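Working notes, structure below.
The values are calculated or read from the model by the stated rules, or taken from the named source; none is laboratory data. Small disclaimer: the values here were computed from a predicted structure and weren't measured. Counting neighbours? That spans all protein chains shown, and the Cβs are built from the backbone with ideal geometry, glycine included. Quick note on the areas: whole protein, heavy atoms, side chains included, nothing else; ligands and nucleic acids left out. Shrake-Rupley method; radii C 1.70, N 1.55, O 1.52, S 1.80 Å.
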Amino acid sequence: MKTSITTAIEKCQALLREGHLVAIPTETVYGLAANALDSMAVKRIFEMKGRPAFNPLIVHIHQMEQLSILAKDIPQKAYELAEAFWPGSLTLILPKQDIVPEIITGGKPTVGVRMPNHPLTQELLKGLPFPLAAPSANPFTRVSPTSAQHVWDYFGDRIPAILDGGPCQVGLESTIVGFKGETPILYRKGGIPKEAIEAVVGELKVSTENETFPEAPGMLLKHYSPRTPLLVCDNIREELKNNPHKKVGVLSFYQEDFPSATKVITLSQNKQMEEAATSLFEAMHILDASGLDLILAERFPEKGLGSSINDRLFRAQN
Ligand code: TXA
Ligand code: MG
């Protein structure tokens, strides 16, 4: 089947109804979507990504009524977060209802649910009688795609359609919050800053990483990685001096004056953290395709979205 990068929603709906995969735009990153209630269709996602079966998928909905069909025993604070941030870059981990296939949850008793904030994908979901399971549309451990072209570069003709919703506006994956009883737990930093979530539900416990059996495999240390070695540093000029004979690419927050670098990408000349987050993965894709020996990435201020950006940079370094 020939892949098309398309804006034809009905065509994508028809493919999804038949159990095929479609790449979909969201405000965070592009997803690789299938009918969440069809185990055979979902299996194709795992095969396409080369993703281990224990790594669960997020289920995407378009209206609040769908939440209690997929999840049960929903804490009050989960509703407060959904009210505050949906549609948006927040995934809630909740006890699953029987309707959610085991393959989605990797055998766990919980399911991740998110209502994405992208007009095309909302329209797509509205015309379907099922929610969509979708991980980021990249091969396992690689950098997430923030444009239809990135998805095409990874998978080409192997997926039947890529719904083109333009570049992703947030550019980082959703923030993931679960619960131990009523206590909210941060599983993954992301597009909504931790501080914004704490303003709604109080202090978040941060899930401690467990490399052998991570509760959220988004916490796996090696993740979001370019092929080119990447080093996170505080002083890029110093590191450039330490690597005089290499072709070095620089990923900086707002400075652009690095004469000895082969290529420099500045994420936000106006020092805007949101703009930097939006541009981050695109910049990593470009630098990775530039034939460099090394990428030096500047560490961000550890607050707000800066903390989410640092999280992705440190995982890319491994
Ligand atoms: O922004 C996003 O979240 C994007 C877009 C497409 O919605 N999706 C995304 O999916 O980033 P993925 O599969 O690349 O990352 C989802 C993360 C994984 O680390 C997975 O382990 C975790 O969510 N997750 C999903 N269900 C879970 C569950 N029941 N318990 C713990 N972690 C879960
Ligand atoms: Mg991912």
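So D73 passes all but one of these: (1) at negative phi; (2) surrounded by fewer than 15 Cβ atoms within 10 Å (Cβ to Cβ). Which condition number does it fail?
So the condition that D73 fails would be (1).
What pairs come up if the first residue lies in the stretch 223-246 and is within 16 Å of ligand 1 (Cβ to nearest atom), the second is in a helix (DSSP H, G or I) and not aliphatic (A, V, I, L, M), and their beta carbons are under 6 Å apart, counting only those six or more places apart or on different chains?
Sorted first by the residue in the stretch 223-246, then by its partner, the pairs are H223/R315; Y224/R312; Y224/R315.
Show me the helices (runs of 4 or more DSSP H) found entirely inside the stretch 228-318 where at least 2 residues are modelled with pLDDT of 95 or more and over 22 Å from V29 (Cα atoms).
236-242
Exactly one of (1) open to solvent by 30 Å² or more (accessible area, probe 1.4 Å); (2) more than 16 Å from ligand 2 (Cβ to nearest atom); (3) in contact (Cβ under 8 Å) with a residue 12 or more places away in the chain is unmet by M115. Its number?
It is condition (1) that M115 fails.
L124: touching a residue at least 60 places away in the same chain (Cβ under 8 Å), out of contact with any Cys (no Cβ under 7 Å at 6 or more places or on another chain) and either more than 16 Å from ligand 2 (Cβ to nearest atom) or open to solvent by less than 20 Å² (accessible area, probe 1.4 Å) (or both), yes or no?
no
So which residues in the stretch 128-184 are under 21 Å from F85 (Cα atoms) and free of Cβ contacts under 8 Å to residues at least 24 places away in the same chain, if there are any at all?
Listed by number, the list holds a single entry, T183.
Restricting attention to the stretch 166-177, does a residue exist that is of a type in the set (S, T, N, Q) and crowded, with 19+ Cβ neighbours inside 10 Å?
Checked against the condition, which is being of a type in the set (S, T, N, Q) and crowded, with 19+ Cβ neighbours inside 10 Å, the stretch 166-177 yields at least one hit.
Yes or no, residue by residue, for (1) part of a loop (DSSP other than H, G, I, E, B); (2) within 14 Å of ligand 1 (Cβ to nearest atom); (3) assigned by the TED database to the domain that holds A53:
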| residue | (1), (2), (3) |
| --- | --- |
| P139 | yes, yes, yes |
| P145 | yes, yes, yes |
| H150 | no, yes, yes |
| D153 | no, no, yes |
| G165 | yes, yes, yes |
| C168 | yes, yes, yes |
| F179 | no, yes, no |
| I185 | no, yes, no |
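What are the pairs with Cβ atoms under 6 angstrom where one residue, in the stretch 34-54, is within 12 Å of P135 (Cα to Cα) and the other, located anywhere, is of a type outside the set (D, E) and assigned to a strand (DSSP E or B)? Sequence gap at least six, or different chains.
A34/A133; A36/V59; A36/L132; A36/A133; V42/A34; V42/A133; I45/L32; I45/A34
Out of all the residues in the stretch 148-161, which are farther than 19 Å from R44 by Cβ and either in contact with a Ser or Thr (Cβ under 7 Å, 6 or more places away or on another chain) or open to solvent by 20 Å² or more (accessible area, probe 1.4 Å) (or both)?
Q149, D153
If I filter the stretch 83-103 for residues that are within 16 Å of ligand 2 (Cβ to nearest atom), in contact (Cβ under 8 Å) with a residue 12 or more places away in the chain and surrounded by fewer than 24 Cβ atoms within 10 Å (Cβ to Cβ), do I get at least one hit? It would help to see each step written out before you state the result.
Narrowing the stretch 83-103 to residues within 16 Å of ligand 2 (Cβ to nearest atom): 89-91, 93.
From the residues that got through so far, the ones that are in contact (Cβ under 8 Å) with a residue 12 or more places away in the chain too are 89-91, 93.
Narrowing the set further to residues that are surrounded by fewer than 24 Cβ atoms within 10 Å (Cβ to Cβ) leaves none.
No: zero hits.
Could you please find all residues in the stretch 15-50 being more than 24 Å from P167 (Cα to Cα) and either open to solvent by 40 Å² or more (accessible area, probe 1.4 Å) or among the β-branched types (V, I, T) (or both)?
R17, E18, L37, D38, S39, M40, V42, K43, R44, E47, G50
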